[in-house]
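Input: a single structure, listed below in structure tokens.
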Amino acid sequence: MGALAIALPTRRATVRLARAVAAALGPGDLLILGGDLGAGKTFFTRALCRALGLSPRTRVTSPTFTLVHEHETRLPVAHADLYRLRDPDELGELGLRERRGEGAVVVVEWGAPYEAALGGDAIVLDLATPAPAPGAPPTPGRSATLRATGPTAAAALEAIRRAIVPPPAA
Ligand SMILES: Nc1ncnc2c1ncn2[C@@H]1O[C@H](COP(=O)(O)OP(=O)(O)OP(=O)(O)O)[C@@H](O)[C@H]1O
Ligand SMILES: [Mg+2]
């Protein structure tokens, strides 16, 4: 199956998508988040962690400087932001591939260049801010595109598709 495109006109729509993704994830899954600065990658990760049962009291912030934050949720989440990764050799020291082997869900902002190094078979979620039409006011919200790079991710993507695209009425 091909990519899945979803309009996210409101933050609430992003939260709903995060819930559908959370329900489809299993131990060791890799979720790569793309999109420009401010596209909503950390916002999405926060909603995903909440959907996986993280207490509302626990903050989910950008791991920009520490590179990886761990969250003890229904499935443990390792949340990384590789924007500042200077040397691809540093990636191994972060132990993200090992965390997958240990059953954590690994969520990586700016992770696309490292998809293979992180073990592949990823759900790739790209967030975008729609460009306004000429002369029109800025378009609110975001859009998302999801694709899978391997068989486990493809099965998860189908579950997400079923959760957010209602089947046609019989
Ligand atoms: N539909 C939407 N979905 C997600 N975020 C939205 C949406 N509409 C507006 N926003 C806002 O966009 C901002 C996204 O910021 P966020 O830190 O999540 O971006 P980011 O992609 O992680 O950026 P960076 O590349 O700097 O890590 C938040 O302030 C959020 O409230
Ligand atoms: Mg971020």
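Filter the range 61-94 for residues that are surrounded by 15 or more Cβ atoms within 10 Å (Cβ to Cβ) and among the small types (Gly, Ala, Ser) and give the result.
Correct list: Ser62, Ala78, Ala80.
Against the condition among the aliphatic types (A, V, I, L, M) and more than 18 Å from Val77 (Cβ to Cβ), how does Ala122 come out, does it pass?
So Ala122 fails the test.
If you take the residues in the range 1-23 that are of a type in the set (Gly, Ala, Ser) and open to solvent by 20 Å² or more (accessible area, probe 1.4 Å), which one is modelled with the lowest pLDDT?
Going through the qualifying residues, I end up with Gly2.
Residues of the range 24-42 being within 10 Å of ligand 1 (Cβ to nearest atom), on the phi < 0 side of the Ramachandran plot and buried (at least 20 other Cβ atoms within 10 Å of the Cβ), which ones?
Leu33, Lys41 - these are the residues of the range 24-42 that are within 10 Å of ligand 1 (Cβ to nearest atom), on the phi < 0 side of the Ramachandran plot and buried (at least 20 other Cβ atoms within 10 Å of the Cβ).
Given the criteria part of a helix (DSSP H, G or I), within 14 Å of the chain's Cα centre (by Cα) and touching a residue at least 24 places away in the same chain (Cβ under 8 Å), does Ala39 qualify?
No.
Can you tell me which residues in the range 97-115 are farther than 12 Å from Cys49 by Cβ, within 16 Å of ligand 2 (Cβ to nearest atom) and open to solvent by less than 20 Å² (accessible area, probe 1.4 Å)?
Scanning the range 97-115 gives Val106, Val108, Glu109, Gly111.
How about the range 129-146: which of its residues are among the hydroxyl-bearing types (Ser, Thr, Tyr), open to solvent by 50 Å² or more (accessible area, probe 1.4 Å) and at pLDDT 95 or above?
Thr145
When only residues in the range 43-62 that are touching a residue at least 24 places away in the same chain (Cβ under 8 Å) and part of a loop (DSSP other than H, G, I, E, B) count, which is nearest to ligand 1 (Cβ to nearest atom)?
So the residue we want is Ser62.
I'd like the residue in the range 116-128 that is in contact with an Asp or Glu (Cβ under 9 Å, 6 or more places away or on another chain) and closer than 21 Å to Asp36 by Cβ and, out of all such residues, is most open to solvent (accessible area, probe 1.4 Å).
Filtering first and then ranking leaves Ala128.
Given the residues Thr66, Thr14, which is the only one that is among the β-branched types (Val, Ile, Thr) and within 11 Å of ligand 1 (Cβ to nearest atom)?
Being among the β-branched types (Val, Ile, Thr) and within 11 Å of ligand 1 (Cβ to nearest atom) holds for just one of Thr66, Thr14, which is Thr14.
Anything in the range 44-60 that is under 18 Å from Asp81 (Cβ atoms) and either among the aliphatic types (A, V, I, L, M) or open to solvent by 40 Å² or more (accessible area, probe 1.4 Å) (or both)? List them, or say none.
Arg46, Ala47, Leu48, Leu54, Thr58, Arg59, Val60
Report, by residue number, each residue of the range 42-75 that is of a type in the set (Val, Ile, Thr) and within 16 Å of ligand 2 (Cβ to nearest atom).
Selection gives Thr42, Thr45, Val60, Thr61, Thr64, Thr66, Val68.
Restricting attention to the range 147-168, does a residue exist that is surrounded by fewer than 16 Cβ atoms within 10 Å (Cβ to Cβ), within 25 Å of His69 (Cα to Cα) and in contact (Cβ under 8 Å) with a residue 60 or more places away in the chain?
Looking through the range 147-168, none of the residues is surrounded by fewer than 16 Cβ atoms within 10 Å (Cβ to Cβ), within 25 Å of His69 (Cα to Cα) and in contact (Cβ under 8 Å) with a residue 60 or more places away in the chain.
Exactly one of these conditions fails for Pro76: (1) in contact with an Asp or Glu (Cβ under 9 Å, 6 or more places away or on another chain); (2) modelled with pLDDT of 95 or more; (3) farther than 18 Å from Leu54 by Cα. Give me its number.
For Pro76, the exception is condition (3).
The values are calculated or read from the model by the stated rules, or taken from the named source; none is laboratory data. Predicted model only: the values in this text are computed from it and were never measured. Cβ coordinates were reconstructed from backbone atoms using ideal geometry, including for glycine residues, and neighbour counts include every protein chain displayed. All accessible areas refer to the heavy atoms of the entire protein, side chains included, with ligands and DNA or RNA removed. Shrake-Rupley method; radii C 1.70, N 1.55, O 1.52, S 1.80 Å.
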